[in-house]
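Taking it in order: structure first as structure tokens, then the write-up.
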Amino acid sequence: MQFTVKQIAHLLNGEVRGDDSLTVSKLAKIEEGNTGDISFLANQKYENFIYTTKASAVIVGKDFVPKKDISSTLIVVDNPYLSFTQLLEEYQKILNFSKKGVEQPVFVGQGTEVGEGAYQGAFSYIGNNTKIGKNVKIYPQAYIGDNVTIGDNTLIYAGVKIYSNTVIGNNCVFHAGAVIGSDGFGFAPQEDGTYKTIPQLGNVLIEDNVSIGANTTIDCATMGSTIIRQGVKIDNLVQVAHNVEIGKNTVMAAQTGIAGSTIIGENCVIAGQVGFGGHIFVANGTKIGAQAGVLKSVKKENTSITGTYAFELNDYLRATAVFRKLPQLDKQVRELEKRLEELVNEGLFSEA
């Protein structure tokens, strides 16, 4: 697909310096740009490339003043990095939402409604009494169970499994292999040492603009709903247990695990491999470092914690500084003990 520089400048609310009739069809790094590419300059460390790049167009900031002649057409914007990100998003939408129609074979159950502009990839399955919104893209081998609701403009990539009764909002993305609505880990110990399965009768509720990474699993609630609020971004290989609630605009990196009935607040930033205990609360704006173990509630908002067990960041850094010195401190203590013993033996110091 090709676009003129004029069209792109209009999209980005930018000003063109050069030939606005040039066409571009690909995004590229400024140091790798060729004819037909568009790039950007946001970091002045890369300024030298703007004088040598072969890219047809380059997005620059209003404060950029060239020191040499530039062959590329410039699109001048307030923030070149954000503008290029916006361009990437638009380009991705075009690629992701270009698919339409129904491939064969597919299965669609009784009473199910599929909105206009949808795409159903080969070997996809949609159960009974399910409602699929407009422009939803269901890639091959995806499974969608009975009584599911999916909003408009949602992407469901290959191999995603969405269990019955799940409710999904608009503009969501589910990457390959994600499993939504599987049973929570509910087992009651018996007197003979065995475990009895507790039926998981709830569902999963996912609001608008949520992104779920590849091979992430979100369990249904025992009763009620496991809830992922609007704007949440979850990375690959994350486990969300039953009856968990994640507040809006929280982001979560890979291999994090959340035990049942934990509530995580809004606008939290959670690094990779963080482990949450069950039935705890994490306040809004909490930042949690990689591999932290969070076993108690975090009640103060906008707190940064890390470590296992996790505690206040500044306290952890001070403790780490002492920890590094432990071998030296141990040596000093042993030397002091030895010297003290010598003083006592010499009668120069009394233990009493």
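The values are calculated or read from the model by the stated rules, or taken from the named source; none is laboratory data. From a predicted model like this one, the values you see are computed outputs, not experimental measurements. Here the Cβ is made from the backbone with ideal geometry for all residues, glycine too, and neighbour counts use every protein chain on show.
Per-residue answers, yes or no, for (1) within 21 Å of ASP183 (Cβ to Cβ); (2) in contact with a Leu (Cβ under 9 Å, 6 or more places away or on another chain):
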| residue | (1), (2) |
| --- | --- |
| GLY202 | yes, no |
| GLY213 | yes, yes |
| ALA241 | yes, no |
| VAL251 | no, no |
| THR262 | yes, no |
| CYS268 | no, no |
| GLY277 | yes, yes |
- Just name the residue that is surrounded by the fewest Cβ atoms within 10 Å (Cβ to Cβ) out of those in region 73-95 that are among the hydroxyl-bearing types (Ser, Thr, Tyr) and touching a Gly at 6+ places or on another chain (Cβ under 8 Å). THR73
- Query: Taking ILE305, is it at pLDDT 95 or above, in contact with a helix residue (DSSP H, G or I) (Cβ under 8 Å, 6 or more places away or on another chain) and either buried (at least 18 other Cβ atoms within 10 Å of the Cβ) or not assigned by TED's automatic domain parsing to the domain that holds THR216 (or both)?
  - Reply: yes
- Just for region 143-168: of the residues that are hydrophobic (A, V, I, L, M, F, W, C) and more than 26 Å from THR222 (Cβ to Cβ), which one is farthest from the chain's Cα centre (by Cα)? ALA158
- Task: Say whether the condition of being touching a Phe, Trp or Tyr at 6+ places or on another chain (Cβ under 9 Å), among the charged types (D, E, K, R) and more than 29 Å from MET1 (Cα to Cα) is met by at least one residue in region 101-123.
- Result: no
- Message: When you scan region 63-72, do you find a residue that is buried (at least 21 other Cβ atoms within 10 Å of the Cβ), within 19 Å of THR4 (Cα to Cα) and under 34 Å from the mean Cα position of the chain (by Cα), even just one?
- Response: no
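Quick grid of which residues meet (1) surrounded by 15 or more Cβ atoms within 10 Å (Cβ to Cβ); (2) assigned by TED's automatic domain parsing to the domain that holds ASN43; (3) free of Cβ contacts under 8 Å to residues at least 12 places away in the same chain; (4) not β-branched (Val, Ile, Thr):
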{"site": "VAL106", "(1), (2), (3), (4)": "yes, no, no, no"}
{"site": "TYR119", "(1), (2), (3), (4)": "yes, no, no, yes"}
{"site": "TYR125", "(1), (2), (3), (4)": "yes, no, no, yes"}
{"site": "ASN128", "(1), (2), (3), (4)": "no, no, no, yes"}
{"site": "ALA142", "(1), (2), (3), (4)": "yes, no, no, yes"}
{"site": "VAL148", "(1), (2), (3), (4)": "yes, no, no, no"}
{"site": "ASP152", "(1), (2), (3), (4)": "yes, no, no, yes"}
{"site": "TYR163", "(1), (2), (3), (4)": "yes, no, no, yes"}
- Any idea which residue in region 147-173 is farthest from GLN120 (Cα to Cα), counting only those that are in a strand (DSSP E or B) and of a type outside the set (D, E, K, R)? VAL167
- Selection within region 36-51 - over 28 Å from the mean Cα position of the chain (by Cα) and either surrounded by 13 or more Cβ atoms within 10 Å (Cβ to Cβ) or outside the structural domain of LEU88 (by TED's automatic domain parsing) (or both): GLY36, ASP37, TYR46, GLU47, ASN48, PHE49, ILE50, TYR51
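Within region 70-85, which residues are farther than 15 Å from ASP19 by Cβ and in a loop (DSSP other than H, G, I, E, B)?
So the first thing to find is which residues in region 70-85 are farther than 15 Å from ASP19 by Cβ, and the list is 77-85.
Within region 70-85, ASP78, ASN79 meet the criteria.
Looking for whichever is of a type outside the set (Gly, Ala, Ser), surrounded by fewer than 18 Cβ atoms within 10 Å (Cβ to Cβ) and touching a residue at least 24 places away in the same chain (Cβ under 8 Å) here; the options are ASN243, ASN215. Which one fits? Don't jump to the end; show me each part of the working.
Numbers: ASN243 fails: surrounded by fewer than 18 Cβ atoms within 10 Å (Cβ to Cβ).
Sole residue among the options that is of a type outside the set (Gly, Ala, Ser), surrounded by fewer than 18 Cβ atoms within 10 Å (Cβ to Cβ) and touching a residue at least 24 places away in the same chain (Cβ under 8 Å): ASN215.
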- Residue list for region 309-325, restricted to those being in a loop (DSSP other than H, G, I, E, B) and surrounded by 14 or more Cβ atoms within 10 Å (Cβ to Cβ): ALA310
- Query: Of the residues GLY285, GLY257, which is assigned by TED's automatic domain parsing to the domain that holds ILE228, under 26 Å from GLY184 (Cα atoms) and modelled with pLDDT of 95 or more?
  - Reply: GLY257
- Query: Can we say ILE30 is closer than 30 Å to THR154 by Cα and in contact with a strand residue (DSSP E or B) (Cβ under 8 Å, 6 or more places away or on another chain)?
  - Reply: no
- With the checklist (1) within 34 Å of the chain's Cα centre (by Cα); (2) modelled with pLDDT of 90 or more in hand, flag the one item ARG334 doesn't pass. (1)
